[in-house]
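I have placed the structure first, in the form of structure tokens, so that the comments after it can refer back to it.
The values are calculated or read from the model by the stated rules, or taken from the named source; none is laboratory data. Bear in mind the structure is a predicted one, so any value in this text is a computation, not a measurement. Cβ placement follows ideal geometry from the backbone for every residue including glycine, while neighbour counts extend to all protein chains displayed. Accessible surface is based on the protein model in full, side chains and every heavy atom, while ligands, DNA and RNA are left aside. Shrake-Rupley method; radii C 1.70, N 1.55, O 1.52, S 1.80 Å.
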Amino acid sequence: MASTLSQLKLDWPHGLRAKLLRRYEHKPLVSCLVGLYGCRWRRYERSFTQPGECCCNKLLAVCLLSEGQKLYLHWSHKIGILVSLTFSIVATAVLSDLWSKEWKTLLLSFQITAPYLHVGGVLLMTALAWTIALHFFRMSSRVRQGLILGFYLSILSALYLVPLGLYSPCIKEDGTLGPAPALLGHRGAPMLAPENTLMSFEKAVEAGSEGLETDVTISFDGVPFLMHDQTLKRTTNIHEVFPNRTDQPAAMFTWSELESLNAGAWFLSHDPFGTVGSLGADDRLRAEKQPVCSLRDFLQLAARKDKLVIFDLYRPPRGHPYRDTWIQRTLEVIQNESSILSSQVLWLPSDLRALVQEMDPELQQTSGSRLPLEELQSNNIMKLNLHYSAMSAQLVREYAAVNISTNLYVISQPWLFSLAWCSGVQSVTTNAPQILTSMRSPLLVMSPDEYNLMWILTDVASLVLILVIFFFHWWRERGLAFCTGGKITPDNGTYSKFKTELSDIWSVSSTHSQAERTPNLATVSEH
């Protein structure tokens, strides 16, 4: 009896190991994976993958392979994979061509999301450690083991060290973050009212904009008015009033003709930003009746509200009476027909800049392109108006050092505004002043010490977890070999296969359970 009890005590750890290994078999999970992968909705196979039975790349079935299952790829799945792959390649090529400028936006997004991308990449590689470790310990070839482990560790090491070369302007010392960039309403507040209308500019002022941006065209009879497009089709009802002139340039209409058009109803019907539903009944009624706005009325509004203005000025087409005097006509409106101060106008047109400075030296000369500092200073440029893709904290600092401020357009997303804020940009042109004005700080800003702490803790936690995962798989493979009583033999150099099926574990456990019950019965009989 003593020897039996002693033997049971010795066998108890092995029985526990067998039970733990059985617990590891995720039957519902594997059954679901097999069904989804190969349309074989039946009890999954217990045997390990045989060489040559994988009908596709192992990466496509990493979940099943990590569970040691056979791969049954249904013919419909093969066609689906081929079609999806072809579509993805074609779509990527087309989008890359259409959105070539957006790649710069993607690169900029890395600057604001870099700390989180690093953490995400480390977590992903940590999760892959489960599959890598399983295959590593099942491979019989030392060369393959070295290759897979070396490849994995090289990527992991690169991820661990990537913060050394990471740059984000929002990782900066405490107290070095400057004020939020001033907001210039892009054609007003086009999310809240029809663009380039008085209502739109009034909404921009109400939202906290410090400046107003627009586009100016000269009518056929010499009245500067606000219109972004070359034609009137998109933002007026010209197809109703002048159906035979819809493709005619906007500058070829007289001011009386322009006054007869509606410049607001399109906003309610097209809902360009999906924001019409947020407007009240009064705002909708007002928006529906907005006329084409003249430059004079626009400047008068800015003068009353003490706001800066900036505008693109379009030269009229050939045959227009003001083709060669469009700049002089615009200056006349600024100087003689409105009460705005010249110092409130950021003069953007580059044509005849020397003449403009001579006629009105109080205008704030603004350049729409990056030029050498010497040329900017010689032209008395006080501000740069650049696309946000040209954002660079270093350039902003260099320009600021010679008293040249920077305005970026068009920034409407909080993350992009945060990046401009961290980069030290002085102002931005935006479609969403009502959103950006409510931001009290950038979405991400942390000190280098805080980021280094996050970086080190992430890497250390990942390394510890990976070591635990590898140790578990090493312990598991040794445990499976012991419990089956079989020797692990190479299977054509791909994976290791056990001569005895995992189901033998059940018999080992049953034997131990029977042995546990025997002494209990003997004890009862003695009593």
Practice prompt. Using per-residue counts of other Cβ atoms within 10 Å, averaged over each peptide, order 447-456, 289-298, 272-281 from highest down.
Written response: 289-298, 447-456, 272-281
Item to complete: For the range 288-295, just list the computed ³J(HN,Hα) in residue order, Karplus coefficients 6.51, -1.76 and 1.60, θ = phi - 60°, integers in Hz, with x standing in for Gly and Pro.
Response: 5, 10, 6, x, 5, 9, 7, 4
Worksheet item: Taking the Cα centre of the range 384-478 as the origin and placing charges on Cβ (Lys, Arg +1; Asp, Glu -1), which of Ser405, Leu465, Gln394 is farthest toward the positive end of the dipole?
Response: Leu465
Worksheet item: In terms of modelled amide H atoms, which long-range or inter-chain residues lie less than 5 Å from the amide H of Gly264?
Response: Gln290
Worksheet, complete the sentence: Relative contact order as a percentage, the range 193-251, C-alpha pairs under 8 Å and 6+ apart, gives 26
Discussion item. Spelling out what I want: for every residue of the range 271-276, take phi, set θ = phi - 60°, compute 6.51 cos²θ - 1.76 cosθ + 1.60 (Karplus), and round to whole Hz; glycine and proline get x.
Written reply: 6, x, 10, x, 10, 4
Response to the item:
Largest first and rounded to whole Å, the semi-axes √(5λ) derived from the alpha carbon gyration tensor of the range 277-401 read 29, 22, 15
Fill in: Amide proton proximity set for Asp221, modelled H, under 5 Å, gap of 5+
Trp255
Discussion item. Can you compute 3J(HN,Hα) from phi for each residue in the range 462-472, using the Karplus curve 6.51 cos²θ - 1.76 cosθ + 1.60 with θ = phi - 60°, rounded to whole Hz and x for Gly and Pro?
Written reply: 5, 4, 4, 5, 5, 4, 5, 5, 5, 5, 4
Practice prompt. About the Cα centre of the range 214-332, how large is the charge dipole given +1 on each Lys and Arg Cβ and -1 on each Asp and Glu Cβ? Please answer in debye to the nearest 20.
Written response: 160
Discussion item. At 1.4 Å probe size, put Glu288, Glu259 in order of accessible surface, largest to smallest.
Written reply: Glu259, Glu288
Worksheet item: What is the calculated FRET efficiency for Leu177 to Gln300, with r their C-beta to C-beta distance and R₀ = 35 Å, to the nearest 0.05?
Response: 0.40
Worksheet, complete the sentence: Using alpha carbon centers only, the range 423-478 is separated from the range 283-323 by a whole-angstrom value of 45
Item to complete: Bin width 5 Å, alpha-carbon pairs only: give the P(r) of the range 237-345 as whole percents, running from 0 to the bin holding the largest distance.
Response: 2, 10, 15, 16, 18, 19, 13, 6, 1, 0
Practice prompt. With an 8 Å cut-off on Cα pairs and a minimum separation of 6 or more residues, tell me the relative contact order of the range 384-450 in percent.
Written response: 32
Discussion item. I need to check one value: relative contact order of the range 107-208, counting alpha carbon pairs closer than 8 Å and at least 6 residues apart, in percent.
Written reply: 23
Fill in: Estimated D of the range 190-231 in µm² per second, where Rh is the Kirkwood radius over Cα pairs and Stokes-Einstein applies at 37 °C, 0.692 mPa s
291
